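Input: a single structure, listed below in structure tokens.
The values are calculated or read from the model by the stated rules, or taken from the named source; none is laboratory data. In this text, all values refer to a predicted model and were calculated from it rather than measured experimentally. Glycine also receives a Cβ, built like all others from the backbone with ideal geometry; neighbour counts cover every protein chain displayed. Keep in mind that these areas ignore ligands, DNA and RNA; they rest on the heavy atoms of the full protein, side chains included. Shrake-Rupley method; radii C 1.70, N 1.55, O 1.52, S 1.80 Å.
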Amino acid sequence: MGGSWPLPWSPTACGLARTAIRDVLPRWGVGELVPTAELLVSELVCNALRHATGPLHLILEQVSGVRCQVSDGSSKPPRPTDAGPEDEGGRGLALVDMLAARWGYEHSPMGKSVWFELSVVADTPDLDGMDCLDGQNARWRGESGLDGLDTLKDDPRIEAA
């Protein structure tokens, strides 16, 4: 099961791709994937508009979750960049890599397609095991949600804003 949409070669393409996500995913019973899918499809469409050529096309497929594919007319593969803290852009593919269950690209006779898949069962990182403050022994403390951040405000390693 799936759908296909031609997108205009204009900034409105991002909004149209997000609209397709909002319309289709709930009908497929995977409405919980809408926010992440909207973010990631925006990144792929924006990357195509910025770095590729037309035509632009969106394909959505129902897999165990959803597969979203954005095709453009360029044969150049997507290239993740190592954006620095002062860079305004360059983090799109890093977001795709972080949030998608899988992603990649395929060459086609007309250019390429960059795709990502989202799973219904989220592959969420284990925050209990992640270093977050000094990169060595610090761990997230507190409870889930924003309430847990209160325990960090008294940490001497964090400067007041």
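Give the range 60-86 a look and list any residue that's over 16 Å from the mean Cα position of the chain (by Cα) and within 16 Å of LEU25 (Cβ to Cβ), or say none. Passing the criteria: GLU61, GLN62, VAL63, SER64.
Checking the range 11-25 against the condition returns a match, with at least one residue being touching a helix residue (DSSP H, G or I) at 6+ places or on another chain (Cβ under 8 Å) and at pLDDT below 95.
Could you tell me which residue of the range 1-32 is most open to solvent (accessible area, probe 1.4 Å), considering only residues that are over 23 Å from ARG91 (Cα atoms) and charged (D, E, K, R)? Looking at residues that are over 23 Å from ARG91 (Cα atoms) and charged (D, E, K, R), I get ARG27. In the range 97-114, the condition of being open to solvent by 50 Å² or more (accessible area, probe 1.4 Å), among the aliphatic types (A, V, I, L, M) and within 17 Å of the chain's Cα centre (by Cα) is met by at least one residue.
Residue-wise test of (1) aliphatic (A, V, I, L, M); (2) in a strand (DSSP E or B); (3) closer than 13 Å to ALA13 by Cα; (4) open to solvent by less than 70 Å² (accessible area, probe 1.4 Å).
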position	(1), (2), (3), (4)
VAL34	yes, no, no, yes
GLU38	no, no, yes, yes
VAL41	yes, no, yes, yes
ARG50	no, no, yes, no
HIS57	no, yes, yes, yes
ARG67	no, yes, no, yes
VAL70	yes, yes, yes, yes
SER74	no, no, no, yes
PRO78	no, no, no, yes
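Show the residue pairs that are 6+ apart or on different chains and have beta-carbon atoms under 6 Å apart, the first residue being within the range 37-53 and touching a residue at least 24 places away in the same chain (Cβ under 8 Å) and of a type in the set (Gly, Ala, Ser), the second being assigned to a helix (DSSP H, G or I) and buried (at least 19 other Cβ atoms within 10 Å of the Cβ). Filtered contacts from the range 37-53: ALA37/ILE21; SER42/CYS14.
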